[in-house]
1. Within the stretch 109-144, count every residue that is out of contact with any His (no Cβ under 9 Å at 6 or more places or on another chain) and either of a type in the set (Val, Ile, Thr) or under 16 Å from residue 304 (Cβ atoms) (or both).
2. Has the stretch 261-268 got at least one residue that is of a type outside the set (A, V, I, L, M, F, W, C) and in contact (Cβ under 8 Å) with a residue 40 or more places away in the chain?
3. Has the stretch 101-113 got any residue that is more than 24 Å from residue 361 (Cα to Cα), among the small types (Gly, Ala, Ser) and at pLDDT 90 or above?
4. Is there a residue being under 22 Å from the mean Cα position of the chain (by Cα), over 23 Å from residue 277 (Cβ atoms) and aromatic (Phe, Trp, Tyr) anywhere in the stretch 186-209?
5. Tally time: how many residues in the stretch 280-306 are surrounded by fewer than 23 Cβ atoms within 10 Å (Cβ to Cβ), of a type in the set (Ser, Thr, Tyr) and modelled with pLDDT of 95 or more?
6. From the list 199, 247, pick out the single residue that is over 20 Å from residue 89 (Cα atoms) and at pLDDT 95 or above.
7. Sort out which residues of the stretch 160-199 are assigned to a loop (DSSP other than H, G, I, E, B), touching a helix residue (DSSP H, G or I) at 6+ places or on another chain (Cβ under 8 Å) and touching a residue at least 60 places away in the same chain (Cβ under 8 Å), and write them in order of number.
8. Which of the residues belonging to the stretch 296-337 are of a type outside the set (A, V, I, L, M), closer than 19 Å to residue 197 by Cα and over 17 Å from the mean Cα position of the chain (by Cα)?
Amino acid sequence: MKSKYISAILILLIISSLSINMVLNLFMNTPKNIFEGKNKSEVFETIENIFKENIPFKSQLQKNAVFLKYITGEKKQNNVYIANDTLFKIMEEPNYDLVYKNTENIIKFAEKYRVKTFAMLIPTSSAIKQQEIENLYRHNLVNEKILIEDIYTDFSSHVSSVNVYPTLFANNDKDLYYRTDSNLTSLGAYYVYEQLAKRMNFPIHGLERFEIKYEDLDFYGDIYKISPYKNIMPDSISTYNFIRFNREFRISRTINGETNTYYELYPRESLTDEDIYNLFLGGEAEKITINVGSPNKNKLLIYGDRSVMSYLPFLAVNCGEITFVNTNFASEEICKEIDVKAYDEVLFSFSTDSFSHKNCLEPLNIK
């Protein structure tokens, strides 16, 4: 216990020494009369607002704190495990009431619409690459393999399950997930696409049929924002363009009542500094419809979360039309507008983290 107190004091002292110049520079550029006529509580409130308005200072202070805790032995911070070159978000214990609710709602959906329905859960990087996590922390991980298998058992004859856990785990020595983000890389997404195509009886296109481009886009993802360990290298993005046959794409994105359109799967004009993921189909939206100029005429409806964006460019090659509804954003009105029976198949696809902690089907309002 005494050593913990010493470590905490040491961290505070080092943070103070590292940050004093930033604080001095910050207040040197603050109007001198900003504190005049204010009582003590108002002065502290003013100081807090100054820090809030100066995000770079706040960001640098957070990076210093994470780094210093790490070098004193805290490899798990803010529910993120810091490995040598990767950040792993540690999934919290599932909310089994929500797991049950999500499972039951998918079954009710399949029974209501009588359309061939599939379900796929994508495990987190901490489950697939658990060998990179020290035993001390690994023993406390949620057993996502068992969780997924139990959910699929509940689906049984109602819904066709797509189990991607085995193939991802078998290839866990590859770059399947980003170092700083919770999503699959394009390579990881390809392995998911392979299993999905096999289960849905689509032709599986080999990697040799895709032109791989490594985009000059270094970025730090959502896990880094939670625990910004400064010695982690930024991630890069690769795109996989189908070159075996000619395909024309029309991507319509609906968000906040407005619709915009792109004509390629990786529209560079949609990129912003704030969200590198806009390179994929123009970025997240409430609803994305992909119309494909190809001999394929099948129509696929997907309800899912952010993880779907990673493999949609692969799946588009096998379909005539795909509608993806992101249930994290979509309103109940958007879901009501969809004619489910106009589609040949329906896929529910979520990360195990989302499925275990969110009411994933809430906007569908299934009775």
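The values are calculated or read from the model by the stated rules, or taken from the named source; none is laboratory data. What you are looking at is a predicted structure, and each value in this text was computed from that prediction instead of being measured. In this analysis, Cβ positions are derived from the backbone assuming ideal geometry, glycine residues included, and neighbour counts consider all displayed protein chains.
1. Looking only at that region, the number is 12.
2. There is at least one residue in the stretch 261-268 that is of a type outside the set (A, V, I, L, M, F, W, C) and in contact (Cβ under 8 Å) with a residue 40 or more places away in the chain.
3. No, the stretch 101-113 contains no residue that is more than 24 Å from residue 361 (Cα to Cα), among the small types (Gly, Ala, Ser) and at pLDDT 90 or above.
4. No; the residues of the stretch 186-209 include none that is under 22 Å from the mean Cα position of the chain (by Cα), over 23 Å from residue 277 (Cβ atoms) and aromatic (Phe, Trp, Tyr).
5. Of the residues in the stretch 280-306, 1 are surrounded by fewer than 23 Cβ atoms within 10 Å (Cβ to Cβ), of a type in the set (Ser, Thr, Tyr) and modelled with pLDDT of 95 or more.
6. It is 199.
7. 180, 182, 183, 185
8. 296, 297, 298, 299, 314, 318, 319, 320, 321, 323
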